[in-house]
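Beneath this line is the structure, given in structure tokens, with notes to follow.
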Amino acid sequence: MATQRPSFPVRLTPTASAATRGRMPAVPVKPMVPSTPSMASNAVRARMVQKLAAQGVSDPRVLRAMGAVDRHLFVDSALVNQAYEDTSLPIGLGQTISKPSVVARMIELLLGAPALIGKPQDKLGRVLEIGTGCGYQAAVLNHVASEVYSIERLRGLHERARTNLRPFRLATVHLMLGDGMIGYAKGAPYAGIIAAAGGEAVPQAWVDQLAVGGRIVAPTHSASGGQALVVIDKTARGLERLVLEAVHFVPLKSGIA
Ligand code: SAH
């Protein structure tokens, strides 16, 4: 799927001095396009980060990562004005980019993996993301992990993520087309596994591919019929499972399409 990159209007400010003005060739001056909140993207992103902090995201690694990635470059040009609002947005093929607050919350949980306890400065090692979608979360994860493996089952989105991520030239992000329900054994063991789609339960393959000291963060079906965020830690003593708040993710499906 082709991605249209939003182009930010450049303010045309008169810079020619009185001395040079007379000699300048006549060029048609475009009318100044009024700026909207999404257009001054650095300032808007900084405001988004402030809101995340106010909502309780406290890990500086997460706040830095959320402040570093241009979310507007991952959504359709028609939705650019909403790119820094705390809302999920359609990315095509019936899928959505998660809300910034959910991305931040899940990555903060991932950084709470047993291996990183007491190491507030450290990055994660290799991370597996299930559900690349438009590639936004993979770009954020790249700031907090040494290597990101991200798998997507829909060819159209896999290709879209490739296009979206190309300008960032991230040598440590690896995009794969495949069924993430079986994980990605070639990159294992993972320090963290994060899913952007919710299934009945956490597949055994993810648990098998997780390193000791690693953590899985995934939405799964809850007893009430909805979805809840589940955290699974692999420790030397075995698995520890924690069920957290209700969430709303697209379904985890098997096979490639
Ligand atoms: N992290 C993404 C969010 C994408 S939405 C982003 O930043 O945009 C979740 C994605 O999971 C969808 O694109 C969906 O196609 C994908 N998905 C669902 N089941 C999957 C599976 N078994 N393997 C890989 N991807 C899957």
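Just so it is clear, none of the values below were taken in a lab; they were calculated from the coordinates. Just so it is clear, the model here is predicted, and its values are computed rather than measured. Ideal geometry is used to build each Cβ from the backbone, glycine not excepted, and the neighbour counts take in all protein chains shown.
The charge dipole of segment 101-167, taken about the Cα centre with unit charges on the Cβ atoms of Lys, Arg (+1) and Asp, Glu (-1), comes to about 160 debye, rounded to the nearest 20.
In what sequence do F249, F74, F168 fall when counting other Cβ within 10 Å, fewest first? Ranked by crowding around the Cβ, least crowded first: F168, F249, F74. Here the Karplus relation 6.51 cos²θ - 1.76 cosθ + 1.60, evaluated at θ = phi - 60°, turns the backbone of segment 78-94 into coupling constants of 5, 10, 4, 5, 9, 4, 10, 7, 7, 9, 7, 9, x, 10, x, 6, x Hz, with x for every Gly and Pro.
Starting from the Cα of L242, step 7 Å toward the Cβ, then list every residue of segment 55-72 with an amide N under 17 Å from that point. The answer is 56-60, 62, whose backbone nitrogens lie closer than 17 Å to the label point. Counting pairs of alpha carbon atoms under 8 Å apart in space and at least six apart in sequence, what relative contact order in percent does segment 85-224 give? Contact order relative to length: 25 percent. For H174, the residues whose modelled amide H falls within less than 5 Å of its own, excluding neighbours fewer than 5 places apart on the same chain, are V148, Y149, S150.
Applying a DSSP loop filter and a limit of 15 other Cβ atoms within 10 Å to the trypsin sites (Lys or Arg not before Pro) in segment 185-246 leaves R237. Cross-link pairs exceeding 26 Å in C-alpha to C-alpha distance, out of K123/K234; K119/K253; K51/K234; K123/K253; K99/K253, comprise K119/K253; K51/K234; K123/K253.
Relative to the current alpha-carbon distance between K253 and N81, full extension at 0.36 nm per residue lengthens the span by 58.9 nm. Distant-in-sequence amide contacts of G199, defined by a placed amide H-H separation under 5 Å and a gap of 5 or more residues or a different chain, comprise H221, L252.
Report the FRET efficiency, 1/(1 + (r/R0)^6), for R47 and A185, where r is their Cβ-Cβ distance and R0 is 35 Å, rounded to 0.05.
Here the calculated transfer efficiency is 0.25.
Taking amide H atoms as placed 1.01 Å from N in the peptide plane, the amide H of V247 lies under 5 Å from those of Q227, A228, L229, each 5 or more residues away in sequence or on another chain.
Inter-part distance, segment 213-257 to segment 106-166, computed on C-alpha centroids, equals 16 Å.
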